[in-house]
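Encoded as structure tokens, the structure appears first; notes follow it.
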Amino acid sequence: MTKILDDALLATVSKPVRYMGQELNAVVKPPESVEVSIAFAFPDVYDVGMSHLGSKILYHVVNSLEWAAMERVFAPWPDYEALLRKEGAPLTTLENHLPLNQFPFLGVTLQYELTYTNLLTILDLGGIPLLAADRGDNDPIVIAGGPGAFNCEPITDYLDLITLGDGEEILPKLLELYRQLKRKGPVVRKEYLLQAALLQGVYVSSFYEASYNEVGEFIGITSLVPEAVIPVRRNIVQNLDTVPYPETLVVPYGEIIHDRAMIELFRGCTAGCRFCQAGCLYRPVRERSLQTLLKQAELLLRSTGYDEISLISLSSMDYTQIEALIDQLLKRYRKECVGVALPSLRVDSFSVQLADKVQQVRKSGLTLAPEAGSQRLRDVINKRVSEQQILDAAGGAFDAGWSSLKLYFMLGLPSETDEDLAEIIALAQKIAALYRQKKRRGKLHIGISVSTFVPKPHTSFQWMGQIPVEEIKRRQYYLRSLLRDRAIELSTHDAETSVLEAVFSRGDRHLAKVVLRAWQLGARFDGWSEYFRPDLWRQAFIESGIVPESYSEREIDFSAALPWDHLDSGISKDWFINQWHLAEQAIETPDCRSGDCSMCGVCPSYGVENLMAKEVR
Amino acid sequence: MRIFMKFHKNPEVRWISHLDLIKVWERAVRRARLPVALSQGFNPRPKMSLATALAVGVSSDAEYIEMELTEELPLKDILQRISSQMPSGLPIIEVGTLPEKSLALMSLVFASLYRITLPLHDTNETEELQSALTALLAEKQLVLNYHNREGKSISQDLRPGILEASWNAEQAVLLLKVETSSRLFIRPQHFLTILAQKMGRSDWPVEEVGLHRLELFMKNKMK
């Protein structure tokens with residue numbers, strides 16, 4: 001596999017532009033002009049990967065170093081993978097069209113569990129041995145990061161090194177370390193990994209050994225070398241104003257999911273929704289200042305020519321200076337017809353008013369996420385939204401001219417009963433009634449999107465089992481049976497997909513062989529319904545002698561060791577247990593931004609604190 | 001003022017689709033801060049349009065776009081501002097004015113001259129090709145039956161749209177001039193399909209041959 005694909009053959013695949021490169025603002029450095037290079041893989045298709053902000057940040061950070069280069073690679077769509085295999089050609093990066101095994105590093109971001117088979121495709125077609133144990137000094141060092149790093153155990157066999165937490169400072173350090181070693185002579189993999197393990201936020205999984213009891217349940221992990229510490233602490237950038245942010249973005253050809261400029265308002269969220277993993281992995285809240293954001297917006301809009309800018313964070317309405325920011329952006333760019341996109345609305349009328357303000361022209365659909373139908377269940381998950389707030393938000397949207405509303409809910413939450421589910425439909429009915437009462441002209445449409453709850457590691461619900469697949473389907477069917485109103489449309493997620501997500505979320509190292517087997521059988525793009533093959537996964541589990549339900553449905557004891565215990569989010573286990581008990585009693589915990597500290601432990605443990613943007617006059 | 005620009009679509013960016021190319025231009029004029037007029041309506045768009053679509057996978061030395069500016073600017077300045085903002089692989093080679101009242105370039109496009117690189121292996125094949133070409137051009141009708149993208153079966157006589165076809169031995173390329181107007185649009189691949197049939201080479205991967213537009217011809221001497 002050395003001969004690069006003849007690009008005339010791209011005519012035979014769908015969307016060849018995904019593999020073309022040549023985009024505006026792509027950084028193409030002559031390979032011989034840098035000391036260290038890294039191929040960075042997003043294990044999904046180009047359209048998805050190019051929409052991901054974190055990758056853009058790392059691309060900028062590395063390429064800003066004059067001695068280093070980052071090149072991009074994405075998972076090949078099945079038709080392109082088939083073409084590469086037929087031609088015996090390697091998967092290459094988009095910048096210099098180099099095979100992946102010609103880089104000293106392959107980076108990969110773990111955004112969701114159902115991309116693991118794509119990771120194997122990328123390694124395999126990149127000419128990199130799948131198992132870390134089989135790699136030699138001339139093979140790339142495979143580095144993973146992203147939220148999935150906090151439970152990467154199911155795929156550690158395929159990774160050399162994992163970074164926990166914010167990546168913009170640790171990645172340059174890891175490349176610098178390599179640079180220093182390289183100056184002394186050929187880099188020995190083992191030596192590099194031993195030195196890297198000493199850096200905060202670096203987890204070299206092969207330096208740790210997991211143990212299991214007689215029934216195969218995880219009981220603990222031990223370090224094999226002094227360099228490997230337990231727990232592995234994460235990296236936290238306290239002040240985001242001080243770290244690099246892209247001054248320009250690669251502007252893709254072809255349609256991608258989020259084709260717009262993006263500014264990141266803040267990292268972290270302390271709203272405290274008990275199901276939410278992101279709300280635990282990125283604490284504390286760290287807001288960028290208004291001046292920084294406006295400067296970044298200006299640079300990005302000027303250098304890309306985008307006509308839309310998206311305000312990114314886990315809950316953008318909670319940005320302290322959100323009104324000032326929106327006012328400034330509208331004032332500066334409205335005459336140039338630049339739109340402002342708010343990807344995450346809070347369920348209240350304030351948010352709807354702001355959404356209305358930025359959407360003076362295009363009244364696209366409005367999305368709200370009450371997450372649960374009944375007040376009791378919303379209290380269980382600490383959503384801290386009352387029914388009145390939901391109705392006020394919907395009413396505000398109707399008054400502002402919206403007639404199409406999308407509502408997000410979850411099914412299978414802890415303690416959920418059929419009555420809770422019935423309240424999802426009842427809530428939608430109340431909203432529909434509200435609309436009709438207002439006697440508006442447009443045709444009402446309420447889309448209810450119901451996903452299935454997946455217990456996530458590093459959340460208060462991590463010990464809880466997911467409901468069985470038949471029960472998921474029964475509850476979905478039950479919901480559907482309650483629909484009476486033609487203005488209300490229900491969509492649910494594929495049950496088997498959610499089960500697989502739960503298995504890998506709470507998985508351990510035993511699962512590595514299942515991923516490999518499923519991939520060998522042909523599993524690819526498991527997050528895409530048109531490619532997901534539950535039959536192949538069932539076969540892979542059987543052949544590996546693993547019962548998936550023992551991961552997805554298992555209730556775990558509070559006292560049991562968890563496969564991700566050694567990967568430290570900063571939140572104490574006691575806090576999670578306390579939150580679980582509060583959930584049982586449906587008692588809310590306030591947001592520590594405005595209310596009391598609930599003592600999750602991140603701030604004292606890491607010497608950090610919530611950092612809010614100051615008002616600017 | 002109404003202006004046009006002529007630009008290349010180099011082989012390395014030939015997979016950009018027509019719709020994507022429109023977006024490329026919209027963004028380039030934004031970056032260049034050219035005062036392009038906006039359309040009226042709820043969703044104002046810059047007033048600019050490409051003269052004709054170029055199929056995905058085809059490179060070109062002769063693409064045209066026209067646009068309306070809200071103020072008069074020296075052509076030299078326009079060229080300078082926009083040139084520095086074009087992505088690599090899409091260089092602008094000419095900027096000119098258009099009469100205020102003339103028809104849109106789109107309705108003036110008449111024909112395209114293509115350079116086609118064929119998968120030929122030896123001189124035998126070249127000779128075969130030349131005689132097949134002569135024979136084809138002697139025909140009164142060249143009917144091709146095919147299925148369009150929607151799967152509808154279509155029967156089209158290509159002959160009236162084939163304006164010139166010659167083998168350039170020196171460069172080992174086929175030069176093909178076909179009508180590409182709104183009235184009659186001939187895909188070069190369709191001509192190649194018929195040519196391959198004539199040569200008994202139905203295995204030719206006509207969708208993968210190297211296609212390059214050398215020139216675009218307009219009605220009324222508009223270039």
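The values are calculated or read from the model by the stated rules, or taken from the named source; none is laboratory data. None of the values given here were measured: they were computed from a predicted structure. When we count neighbours, we look across all protein chains shown, and the Cβ atoms used for this are built from the backbone with ideal geometry, even at glycine.
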Only one of (1) within 14 Å of another protein chain (Cβ to nearest Cβ); (2) assigned to a helix (DSSP H, G or I); (3) touching a strand residue (DSSP E or B) at 6+ places or on another chain (Cβ under 7 Å) is not met by B:His8, so which one is it? (2)
Just checking, does the range B:181-204 include any residue being acidic (Asp, Glu), within 28 Å of B:Leu108 (Cα to Cα) and assigned to a loop (DSSP other than H, G, I, E, B)? no
Tell me which helices (runs of 4 or more DSSP H) are completely within the range B:75-169 and hold 2 or more residues being over 27 Å from B:Ile186 (Cβ atoms) and of a type in the set (Val, Ile, Thr), or say none if there are none. B:75-83
Find the residue count for the range A:5-22, including only residues that are among the aliphatic types (A, V, I, L, M), part of a loop (DSSP other than H, G, I, E, B) and within 7 Å of chain B (Cβ to nearest Cβ). 1
Scanning the range A:368-414 for residues that are in contact with a Gly (Cβ under 8 Å, 6 or more places away or on another chain), in a loop (DSSP other than H, G, I, E, B) and among the polar types (S, T, N, Q) gives A:Asn382, A:Ser403
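Yes/no per residue for (1) within 14 Å of another protein chain (Cβ to nearest Cβ); (2) within 19 Å of the chain's Cα centre (by Cα):
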| position | (1), (2) |
| --- | --- |
| B:Glu94 | no, yes |
| B:Glu100 | no, no |
| B:Leu118 | yes, yes |
| B:Ala132 | no, no |
| B:Leu142 | no, no |
| B:Pro160 | no, yes |
When you look at A:Leu110, is it at pLDDT 95 or above, away from chain B (no Cβ under 14 Å) and touching a helix residue (DSSP H, G or I) at 6+ places or on another chain (Cβ under 9 Å), yes or no? yes
Quick check on the range B:110-122. Is at least one of its residues loosely packed, with under 13 Cβ neighbours inside 10 Å and of a type in the set (D, E, K, R)? yes
Residue match in the range A:68-86 (condition: within 29 Å of A:Arg267 (Cα to Cα), of a type in the set (Val, Ile, Thr) and touching a Pro at 6+ places or on another chain (Cβ under 6 Å)): no
Could you check A:Ile571 against (1) hydrophobic (A, V, I, L, M, F, W, C); (2) more than 20 Å from A:Ser505 (Cα to Cα); (3) in contact (Cβ under 8 Å) with a residue 24 or more places away in the chain and say which number it fails? (2)
Pick out, from the range A:187-280, the strands (runs of 3 or more DSSP E) lying fully within it that include 1 or more residues that are surrounded by 16 or more Cβ atoms within 10 Å (Cβ to Cβ), modelled with pLDDT of 95 or more and charged (D, E, K, R). A:261-264
Which of the residues belonging to the range A:446-457 are surrounded by 18 or more Cβ atoms within 10 Å (Cβ to Cβ) and not polar (S, T, N, Q)? A:Ile446, A:Ile448, A:Val450, A:Phe453, A:Val454, A:Pro455, A:Lys456, A:Pro457
Quickly run through the range A:526-545 and pick out the residues that are touching a helix residue (DSSP H, G or I) at 6+ places or on another chain (Cβ under 6 Å), under 16 Å from A:Leu511 (Cα atoms) and assigned to a loop (DSSP other than H, G, I, E, B). A:Asp526
Please work out if B:Val173 is more than 14 Å from every other protein chain (Cβ to nearest Cβ), closer than 15 Å to B:Arg115 by Cβ and at pLDDT 95 or above. no
Hey, can you tell me all the residues within the range A:86-114 that are within 16 Å of A:Gly522 (Cβ to Cβ) and in contact (Cβ under 8 Å) with a residue 40 or more places away in the chain? A:Leu114
What are the pairs with Cβ atoms under 6 angstrom where one residue, in the range A:512-534, is within 17 Å of A:Trp77 (Cα to Cα) and touching a residue at least 24 places away in the same chain (Cβ under 8 Å) and the other, located anywhere, is part of a loop (DSSP other than H, G, I, E, B) and of a type in the set (Ser, Thr, Tyr)? Sequence gap at least six, or different chains. A:Arg524/A:Tyr531; A:Phe525/A:Tyr531
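Yes/no per residue for (1) closer than 27 Å to B:Gln85 by Cα; (2) over 17 Å from the mean Cα position of the chain (by Cα); (3) more than 14 Å from chain B (Cβ to nearest Cβ):
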{"residue": "A:Cys280", "(1), (2), (3)": "no, no, yes"}
{"residue": "A:Lys295", "(1), (2), (3)": "yes, yes, yes"}
{"residue": "A:Ile309", "(1), (2), (3)": "yes, yes, no"}
{"residue": "A:Met317", "(1), (2), (3)": "no, yes, yes"}
{"residue": "A:Glu323", "(1), (2), (3)": "no, yes, yes"}
{"residue": "A:Leu329", "(1), (2), (3)": "yes, yes, yes"}
{"residue": "A:Val340", "(1), (2), (3)": "yes, yes, yes"}
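Matching residues to (1) within 27 Å of A:Gln585 (Cα to Cα); (2) modelled with pLDDT of 95 or more; (3) surrounded by fewer than 20 Cβ atoms within 10 Å (Cβ to Cβ):
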position: A:Gln388; (1), (2), (3): yes, yes, yes
position: A:Asp399; (1), (2), (3): no, no, yes
position: A:Glu419; (1), (2), (3): yes, yes, yes
position: A:Ile431; (1), (2), (3): no, yes, no
position: A:Thr459; (1), (2), (3): yes, yes, no
position: A:Glu470; (1), (2), (3): no, yes, yes
position: A:Arg475; (1), (2), (3): yes, yes, no
Among the residues in the range B:192-209, are any away from chain A (no Cβ under 14 Å) and either among the aromatic types (Phe, Trp, Tyr) or over 23 Å from B:Asp122 (Cα atoms) (or both)? no
Is one or more of the residues making up the range B:58-66 more than 9 Å from chain A (Cβ to nearest Cβ), surrounded by fewer than 17 Cβ atoms within 10 Å (Cβ to Cβ) and under 30 Å from B:Pro188 (Cα atoms)? no
Please enumerate the residues belonging to the range B:34-55 that are in contact with an Asp or Glu (Cβ under 9 Å, 6 or more places away or on another chain) and either outside any strand (DSSP E or B) or more than 10 Å from chain A (Cβ to nearest Cβ) (or both). B:Pro35, B:Val36, B:Ala37, B:Arg45, B:Lys47, B:Met48, B:Ser49, B:Leu50, B:Ala51, B:Thr52, B:Leu54
Across (1) surrounded by 20 or more Cβ atoms within 10 Å (Cβ to Cβ); (2) facing chain B (nearest Cβ under 9 Å); (3) of a type in the set (Gly, Ala, Ser), A:Ala39 clears everything bar (2)
If you check every pair at least six apart or on different chains, which have Cβ atoms under 6 Å apart with a residue in the range B:27-38 that is under 14 Å from A:Arg302 (Cβ atoms) first and a residue that is of a type in the set (Gly, Ala, Ser) and modelled with pLDDT of 95 or more second? B:Arg27/A:Gly305; B:Arg30/A:Gly305; B:Arg31/A:Gly305
Identify the residue in the range A:42-58 that is crowded, with 21+ Cβ neighbours inside 10 Å and assigned to a loop (DSSP other than H, G, I, E, B) and, among all such residues, is nearest to the other protein chains (Cβ to nearest Cβ). A:Met50
